[in-house]
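Below is one structure, written out as structure tokens; the observations come after it.
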Amino acid sequence: MPLKSQIEAVREQFRAALSNFPSDPREADQVRIRFLGRKGLIARLFEEFAQLPPEQKPVFGKELNLLKKEITDQLQAALQALSQTAQPQARRSVDYTLPGRSFQLGKRHPLTQTLEEVKRIFTQIGFAVAYGPEIDDDFHNFEALNIPEHHPARDMQDTFFIEPKVVLRTHTSNVQIHLMEENDPPIRFIVPGRVYRNEAISFKSYCLFHQVEGLYVDKRVTFTELKGTLTYFIHQMFGPEVQIRFRPSFFPFTEPSAEVDIWNEERRQWMEILGCGMVDPAVFDNVGYDSRIWHGYAFGLGIERIAMLKYHIQDIRLFYQNDLRFLRQF
Ligand code: DAH
């Protein structure tokens, strides 16, 4: 067959192959090899071309190069189109051999963990858990707790006022009053909650913090029981090795009153964690309990202070910054 007809025949074959181009990448590559491979149809035409007499070479050389370029360009375009439609399909399919994607579990805030530990210890020895309002009136936060207006004890707790007689509670002691108004004695409650104080911020004081109030009222309640209960709690919380001291103090709603300190080895100083005392008869009178029959003890724990000592945290503000480098450690 003359070379001219052979060139046309290969061109026809290529057009046929292109109009029926396979979608499988490996079959598509076979088409490329059949035409452009080292022993492919084009290569064979060039072998024939080499045999031609010199005067015919310019014409057929041009024809052949044209055909080769045509096939190379069109094949490249077809292969590219194939890879573009094939890729989204590959992305959609699922590779079951891939390792699973792991995700991080969150953790409870260290203050929540400390609060739950406090609740666990006290509920195990018979205290019920109660809650009360964070916004309260002057009567429940101060007056009924034997802190009258203009009494110097109000200076102990700088207050955020909502209205002249409505405050953000400065302590959870307001719930003592609510509990006694709503329940007849004997009662035994703990009250976890947030409290607010408009005071100077430092490593150990913040404008918002958490307390757990305790209140036990019965016919015969002694200071020894109060001391024993709190010592038991502290040993449960910190272990039997912890150094504690009860220090005489003053609160208008308890008589006698004490504060409890824990030795902070890192700072080499005592740190106050709670106030406590025997419920003042004046408080019982304010809620209608007969103070000749009923006696009680009360206490208020500072949760941040306890968490600082337990987890060796040097600054109370860390609890409120939500820095993940801090939170991940608990
Ligand atoms: N309410 C006091 C405070 O926030 C703490 C306190 C002291 C609570 C003595 C009590 C208590 O129940 O008996 O500083």
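The values are calculated or read from the model by the stated rules, or taken from the named source; none is laboratory data. These figures come from a predicted structure and were not determined experimentally. Methodologically, a virtual Cβ is constructed for each residue, glycine included, from the backbone with ideal geometry; neighbour enumeration extends over all protein chains shown.
General remarks:
- Given (1) out of contact with any Phe, Trp or Tyr (no Cβ under 8 Å at 6 or more places or on another chain); (2) surrounded by fewer than 21 Cβ atoms within 10 Å (Cβ to Cβ), index of the condition residue 317 fails: (1)
- Against the list (1) modelled with pLDDT under 95; (2) within 14 Å of residue 190 (Cβ to Cβ), the condition residue 220 fails is (2).
- Yes/no for residue 249 being at pLDDT 95 or above and surrounded by fewer than 18 Cβ atoms within 10 Å (Cβ to Cβ): yes
- Pairs meeting the criteria (first residue in region 161-187 and among the small types (Gly, Ala, Ser), second residue surrounded by 14 or more Cβ atoms within 10 Å (Cβ to Cβ) and assigned to a helix (DSSP H, G or I), beta carbons under 8 Å, at least 6 apart or on different chains) are 173/141; 173/145.
- On the stretch given as region 12-59, residues that are part of a helix (DSSP H, G or I), out of contact with any Ser or Thr (no Cβ under 8 Å at 6 or more places or on another chain), free of Cβ contacts under 8 Å to residues at least 60 places away in the same chain and not hydroxyl-bearing (Ser, Thr, Tyr) total 32.
- Selected residue (criterion: nearest to residue 137 (Cα to Cα)) from residues of region 177-197 that are away from the ligand (no atom under 14 Å from the Cβ) and part of a loop (DSSP other than H, G, I, E, B): 183
- Checked against (1) within 16 Å of the ligand (Cβ to nearest atom); (2) in contact with a helix residue (DSSP H, G or I) (Cβ under 7 Å, 6 or more places away or on another chain), residue 139 passes all but a single condition, namely (2).
- Single unsatisfied condition, residue 200 versus (1) closer than 16 Å to residue 304 by Cβ; (2) among the small types (Gly, Ala, Ser); (3) touching a residue at least 12 places away in the same chain (Cβ under 8 Å): (3)
- For region 72-89, the criterion of being charged (D, E, K, R) and surrounded by 13 or more Cβ atoms within 10 Å (Cβ to Cβ) is met by no residue.
- Selected residue [modelled with pLDDT of 95 or more and either near the ligand (Cβ under 10 Å from one of its atoms) or over 33 Å from the mean Cα position of the chain (by Cα) (or both)] from 309, 301: 301
- Matching residues, region 278-298, being in contact with a Phe, Trp or Tyr (Cβ under 6 Å, 6 or more places away or on another chain) and either at pLDDT below 95 or in a strand (DSSP E or B) (or both): 278, 296, 297
- Output for region 187-231, where each listed residue is surrounded by fewer than 17 Cβ atoms within 10 Å (Cβ to Cβ), of a type outside the set (D, E, K, R) and more than 15 Å from residue 278 (Cα to Cα): 198, 200, 201, 202, 203, 205, 207, 208, 231
- Output for region 247-271, where each listed residue is closer than 14 Å to residue 305 by Cα, in a strand (DSSP E or B) and either more than 9 Å from the ligand (Cβ to nearest atom) or of a type in the set (A, V, I, L, M, F, W, C) (or both): 260, 261, 262, 263, 264, 269, 270, 271
- Test result for residue 214, small (Gly, Ala, Ser), in the same structural domain as residue 313 (by TED's automatic domain parsing), on the phi < 0 side of the Ramachandran plot and in a strand (DSSP E or B): yes
- Boolean, residue 290 is within 16 Å of the ligand (Cβ to nearest atom), over 21 Å from residue 118 (Cα atoms) and not small (Gly, Ala, Ser): no
- Within this structure, residue 158 passes the test of being among the charged types (D, E, K, R), assigned to a loop (DSSP other than H, G, I, E, B) and within 15 Å of the ligand (Cβ to nearest atom).
- Any hit, region 214-231, residues being in contact (Cβ under 8 Å) with a residue 60 or more places away in the chain, under 19 Å from residue 140 (Cα atoms) and more than 11 Å from the ligand (Cβ to nearest atom): yes
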